[in-house]
Amino acid sequence: MAYDGNQELSNFLGWVSIACWLVVYSPQIIENYQLQSGEGLSVSFVLIWLVGDLCNLSGALLAGLLPTIIILGVYYSSCDAILLAQIYYYRWKRARRGVPLLVSEDARMSALYDEASPLLPGDGHSEGLPKIKDARRETLKFVTSMLFVFGVGVAAWAVDRHLHKEVPRSKPVEVVEWRSQVLGWISAALFLGARVPQIVKNLSTRCEGLSPFLFVYSISGNTTYFLSILAASLDPRHILVNAPWIAGSALTVFLDLFVLYQFFYYRREDAKKIRLQEQSEVAD
């Protein structure tokens, strides 16, 4: 039996979502490596995210969802573990050198003002230094990265479409299984709850050490993911079976947008402080 709805659109959105999710962790993993610190991340955020991914994976297995969803579940859980390992490894490394995990606000602003100074303390030779950068350059970097990721998703969709051109897909049997539904709703609640400790931590760290692209790709992946489910079919049974994954993805987007707002708000405030400091020096 053929799929209901626009299956081609669903497949397209699904592959774009997968492309976004395959790189969602990369910016933060790279950021942590460059800074030799994971202190921009809330440990609670990563831990809750990991538990949510494990519940999501278990629910997908019980519900017999698509293999791609199951494979991604394993991949997500592995990346969560890598982020946790980075946080504790760099803490251990800094403790051995007697270097504090965070710096004072005065030192942080001094580092922003002096491009030669690291924002976070370390040995200096491998520290990535996030700066107040030109807005156009940042926009170009963002657009280029997103076009590349979307391009990979479109290419994967084209290959998949070619491979299944002569063999039409059949609709998998969707079963409303209570254990998978419970796990799905738990994972949705965890994904939402995970953002709260990160939002709170950002109030003190001002998003230092946090990669905005982690949340940009998360927003893109979640948006295309739940749209791909809706595009496949609007049949009530289909919606019911996938309800936890639809709700979890859709609602998480709003909290991720709030984290991005925090990031750009603090960058704007830092830019204002630097301008005031420069004006003060000129006046003196």
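The values are calculated or read from the model by the stated rules, or taken from the named source; none is laboratory data. Being a predicted model, the structure only gives us computed values, none of them experimental. All Cβ positions, glycine included, derive from the backbone under ideal geometry; neighbour counts span all protein chains shown.
Here are the numbers for the structure shown:
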read-out	value
Test for residue 108: is it modelled with pLDDT under 70 and either among the β-branched types (Val, Ile, Thr) or not in a loop (DSSP other than H, G, I, E, B) (or both)	yes
Residue list for region 231-245, restricted to those being of a type in the set (A, V, I, L, M, F, W, C) and closer than 23 Å to residue 61 by Cβ	232, 239, 240, 241, 243, 245
Residue 47 buried (at least 22 other Cβ atoms within 10 Å of the Cβ), of a type in the set (A, V, I, L, M, F, W, C) and closer than 27 Å to residue 94 by Cβ	no
Residue among 50, 62 that is among the aliphatic types (A, V, I, L, M), modelled with pLDDT of 75 or more and in a helix (DSSP H, G or I)	50
Subset tally (residues that are farther than 27 Å from residue 182 by Cβ and surrounded by fewer than 19 Cβ atoms within 10 Å (Cβ to Cβ)) for region 215-261	4
Any hit, region 232-239, residues being over 19 Å from the mean Cα position of the chain (by Cα), assigned to a helix (DSSP H, G or I) and of a type in the set (A, V, I, L, M, F, W, C)	yes
Checklist (1) at pLDDT below 85; (2) surrounded by fewer than 17 Cβ atoms within 10 Å (Cβ to Cβ) applied to residue 93, failing item	(1)
In region 157-179, the residues that are part of a helix (DSSP H, G or I) and either modelled with pLDDT of 75 or more or surrounded by fewer than 10 Cβ atoms within 10 Å (Cβ to Cβ) (or both)	158, 159, 162, 163, 178, 179
Region 70-86 - residue that is over 15 Å from the mean Cα position of the chain (by Cα) and surrounded by fewer than 19 Cβ atoms within 10 Å (Cβ to Cβ) and, of those, modelled with the highest pLDDT	85
Condition met for residue 273 (assigned to a helix (DSSP H, G or I), at pLDDT below 85 and not aromatic (Phe, Trp, Tyr))	yes
